[in-house]
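Here is the structure we will look at, set down as structure tokens.
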Amino acid sequence: MQAGWTAVDDYFNALLIPSDPALEAALQSSEAAGLPPHNVAPNQGLLLQLLARMQRARRVLEIGTLGGYSTILLARGLPEGGRLISLELSPGNAEVARGNIERDGLSGVVEIRVGPAVESLHALVDEGVAPFDLIFIDADKPNNPAYFALALRLARAGTAIVVDNVVRDGAVVDPAGDASVQGVRRLCELIAEEPRVTATALQTVGSKGYDGFILALVNA
Ligand code: DHB
Ligand code: MG
């Protein structure tokens, strides 16, 4: 199945996604630095960029920078004067990401904040920053419920929130799943009881295997 999923991604991507030396260099430098290959797939990354554009986003918040691959795709979807804040636990990852973002000429758009994301999110709340238009949650999965709850405090009516990796090869249906599965399941339960958002979850297959994402919109 994986070979077929990858072949279909390759087919669509060859036609729809122009080859992109800066993004390819970002992936290479991430791999060379030993980062895990947890970047979004090219077509998933472009979906994020399209969502940013559909939102007419000027302010994007990303939780989990890794090597900055999705960061770059999201930042490219912003208009002049747009701003992206990305939160990353690992100083080493942040260093790799900063290099990749610099190479793409986006250093003036992207700010990476290093440290535990829950702390960085509380700091953003305390600073009283303007609400974000799009929030992408793609960090450690056990903390998903905390990230979502804090994301809501940094949102406005109309903010879109995307959560990556909510299917995990189907393990999400296992009530006794690992800590990541528990993080996803508790997030789903939290969203189910949250009247402020309308949310859906979709399964995906492709070059990155079998996974999926949640898309939530903050209601008026
Ligand atoms: C994992 C994390 C990710 O963000 C991802 O896209 C794929 C896998 C992981 O922790 O296994
Ligand atoms: Mg992910």
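The values are calculated or read from the model by the stated rules, or taken from the named source; none is laboratory data. The model shown is predicted, which means the values in this text are computed figures rather than measured ones. Note that each Cβ is placed from the backbone with ideal geometry, even for glycine, and that neighbours are counted across all protein chains shown. These area figures cover heavy atoms from the full protein model, side chains too; ligands, DNA and RNA do not enter into them. Shrake-Rupley method; radii C 1.70, N 1.55, O 1.52, S 1.80 Å.
Quick notes
- Per residue, the chain reaches -13500 deg cm²/dmol at 222 nm when only DSSP H runs of four or more residues are counted, each adding -39500 (n - 2.57).
- Note on the chain: with charges restricted to the Cβ of Lys and Arg (+1) and Asp and Glu (-1), its dipole about the Cα centre is near 600 debye.
- Taking a ≥ b ≥ c as the square roots of the eigenvalues of the alpha-carbon gyration tensor, the range 72-175 is classed prolate because a/c is 1.5 or more and a/b outweighs b/c.
- Additional length obtainable on full extension of the chain from Ala171 to Phe12, 0.36 nm per residue less Cα span: 54.5 nm
- Anisotropy class of the chain from Cα gyration tensor, a/c 1.5 cut: rounded
- Pairwise centroid distance, computed over Cα atoms, of the range 91-118 with the range 1-28, Å: 24 Å
- Ranked by the mean number of other Cβ atoms within 10 Å per residue, highest first, peptides 81-91, 151-161 order as 81-91, 151-161.
- This model, with +1 at the C-beta of Lys and Arg and -1 at the C-beta of Asp and Glu, gives the range 142-220 a dipole about its Cα centre of some 300 debye.
- Percent carbon-and-sulfur accessible area, the range 1-83, ignoring ligands, DNA and RNA, probe 1.4 Å: 61 percent
- Cα shape, the range 1-60, gyration tensor, a/c 1.5 rule: oblate
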